[in-house]
Amino acid sequence: MKNSISDLAICGGPPAFNETLHVGRPNIGNRKILTDYFNEILDNRWLTNNGPFVQKFENKMAEIIGVRHCIAMCNGTVALEITIRGLGLTGEVIVPAFTFIATAHALQWQEITPVFCDIDPLTHTIDPLKIEPMITPKTTGIIGVHLWGRSCEINELNEIAQHHNLKIIFDAAHAFGCSYNGRMIGSFGDAEIFSFHATKFINSFEGGMVATNNDELATKIRLMKNFGFAGYDQVEYIGTNGKMNEISAAMGLTSLESMQDFIDINYKNYKQYRLELGDIPGVRLVDYHEKEKNNYQYIVAEIDPNISPLTRDHIIHILHAENVLARRYFYPGCHKMEPYRSYFPHSELLLPETENIAKKILILPTGTSCRLG
Ligand code: T4K
């Protein structure tokens with residue numbers, strides 16, 4: 001039985017790691033393949049604007065997910081913004097307060113109000129039971145976030161959306177390679193968005209993607225991410241520059257080729273963390289659902305202040321001193337960050353679980369640069 005927090009710091013053995021361990025260290029696939037791809041891109045002299053690597057990346061993604069359309073973008077935030085605009089959302093959209101700030105900003109950036117909803121304390125995803133009281137005549141949509149790669153209660157959310165005639169988007173930034181009831185994340189709701197930022201399970205340096213089975217929406221989003229151009233000299237919509245470049249697509253493809261290796265390493269790390277941390281009083285490691293496909297990219301621990309002799313923040317301090325750069329994602333919650341803190345100064349009254357969880361969460365390093373056990 002482990003009973004001291006230093007056990008946390010030396011998980012996997014005493015500093016067998018001479019180097020700093022970071023949360024978010026990128027997974028990097030086969031360098032030879034990657035540099036061959038880079039040379040091919042240079043030889044092609046086709047660097048961006050729907051080049052062959054982007055097309056290949058999109059096709060491969062659509063095949064893995066089992067969805068009709070995958071549209072690659074320069075990052076996940078722009079993918080969210082364009083999807084929100086493409087679906088015509090306005091007024092108010094219900095989102096969890098416990099997420100990366102980009103989920104809320106993608107709405108507010110286009111003057112749509114994010115209405116912060118509380119989360120389920122076990123799954124950390126939006127609580128379907130709390131949504132209906134937040135719906136007003138101005139509500140046009142719901143954004144669920146598959147936080148840490150664990151899916152939202154998709155069926156319940158779809159039912160609410162249908163019942164109230166709302167659009168539904170899933171922010172799947174953490175959830176590439178994961179499933180819900182055996183079906184791959186990426187084909188649910190009106191659309192789902194992924195991030196391929198460096199810190200994500202599959203990365204393209206920077207990158208994002210919209211996945212959807214809606215043909216009309218896909219066409220619109222494709223135009224919108226290219227300034228609205230439908231052909232030379234012909235603009236159909238207001239658009240922006242959301243395109244992915246060829247180098248990013250090559251990195252994305254290389255990452256995909258090593259995807260199973262990444263999962264295997266992450267899974268091994270997750271098992272080791274469970275073994276090492278399982279008995280420490282006041283520490284709960286958030287489980288992955290073993291019946292689903294998971295990417296195991298986030299090792300999420302909850303530190304219970306009523307049991308643990310040290311607070312979450314003390315533990316972070318100790319881990320940092322041991323060169324383990326744990327993070328307290330997504331503290332203190334979107335509602336406590338600007339501009340939302342000023343817009344809704346009392347929102348915490350409606351968000352007790354978010355408040356509670358945001359104070360407890362500790363994210364530990366994993367990935368291919370952190371091999372435990
Ligand atoms: N929705 C959700 C739920 C998201 O989590 C995100 C992004 C988005 C939407 C938006 O997707 P993108 O537009 O980003 O594609 C990082 C990432 O920048 C962000 O992509 C990610 N979520 C978020 C959870 O994490 P920070 O502010 O934590 O980044 P930073 O610079 O502190 O780096 C995080 C850790 O990764 C550090 O320990 C250092 C390490 N790192 C980072 C980079 C970039 C490396 O070791 N190497 C690297 O190259 O936001």
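The values are calculated or read from the model by the stated rules, or taken from the named source; none is laboratory data. Computed from a predicted model, the values in this text were never measured in an experiment. Virtual Cβ from ideal backbone geometry, glycine too; neighbours counted across all protein chains shown.
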- line: When restricted to Ile318, Ile363, the only residue modelled with pLDDT of 95 or more, closer than 29 Å to Gly177 by Cβ and not small (Gly, Ala, Ser) is Ile363
message: Name the residue that is surrounded by the most Cβ atoms within 10 Å (Cβ to Cβ), counting only residues in segment 1-55 that are modelled with pLDDT of 80 or more and of a type in the set (Phe, Trp, Tyr).
response: Phe53
task: For segment 106-115, enumerate the residues that are within 15 Å of the ligand (Cβ to nearest atom) and farther than 15 Å from Phe170 by Cα.
output: Gln108, Trp109
task: Among the residues of segment 235-293, write down those that are without any contact (Cβ under 8 Å) to a residue 40 or more places away in the chain and within 20 Å of the chain's Cα centre (by Cα).
output: Gln260, Asp264, Tyr267, Leu285, Asp287, Glu290
query: Which one is nearest to Ala102 (Cα to Cα), of the residues in segment 144-153 that are within 16 Å of the ligand (Cβ to nearest atom) and of a type outside the set (Ser, Thr, Tyr)?
result: Val145
message: For a quick check of your reading: which helices (runs of 4 or more DSSP H) sit entirely within segment 49-166 and have at least 3 residues that are under 18 Å from the mean Cα position of the chain (by Cα) and either under 30 Å from Lys360 (Cα atoms) or hydroxyl-bearing (Ser, Thr, Tyr) (or both)?
response: 76-86, 101-108
task: Just need a number here: residues in segment 16-48 that are among the polar types (S, T, N, Q), free of Cβ contacts under 8 Å to residues at least 60 places away in the same chain and either in contact with a strand residue (DSSP E or B) (Cβ under 8 Å, 6 or more places away or on another chain) or in a loop (DSSP other than H, G, I, E, B) (or both).
output: 1
- request: Take Ser342 and decide whether it is under 19 Å from Phe116 (Cβ atoms), more than 15 Å from the ligand (Cβ to nearest atom) and without any contact (Cβ under 8 Å) to a residue 60 or more places away in the chain.
  value: yes
- request: Consider only pairs whose beta carbons are under 9 Å apart and that are at least six residues apart or on different chains; among these, list those whose first residue lies in segment 106-118 and is assigned by TED's automatic domain parsing to the domain that holds Thr140 and whose second residue is within 16 Å of the ligand (Cβ to nearest atom) and polar (S, T, N, Q).
  value: Ala106/Thr77; Ala106/Thr83; Trp109/Thr77; Pro114/Thr103; Pro114/Gln108; Phe116/Thr354; Cys117/Thr354; Asp118/Thr354
- request: Select from segment 231-262 the residues that are farther than 20 Å from Cys70 by Cβ and not aromatic (Phe, Trp, Tyr) and list them in ascending order.
  value: Gly231, Asp233, Gln234, Val235, Glu236, Ile238, Asp261
task: Tell me the helices (runs of 4 or more DSSP H) entirely within segment 211-323 that contain at least 3 residues that are of a type in the set (D, E, K, R) and not assigned by TED's automatic domain parsing to the domain that holds Ala62.
output: 259-277
- prompt: Which residues, counting only those in segment 170-205, are assigned to a strand (DSSP E or B), within 15 Å of the ligand (Cβ to nearest atom) and touching a helix residue (DSSP H, G or I) at 6+ places or on another chain (Cβ under 6 Å)?
  reply: Asp171, Ala191, Ile193, Ser195
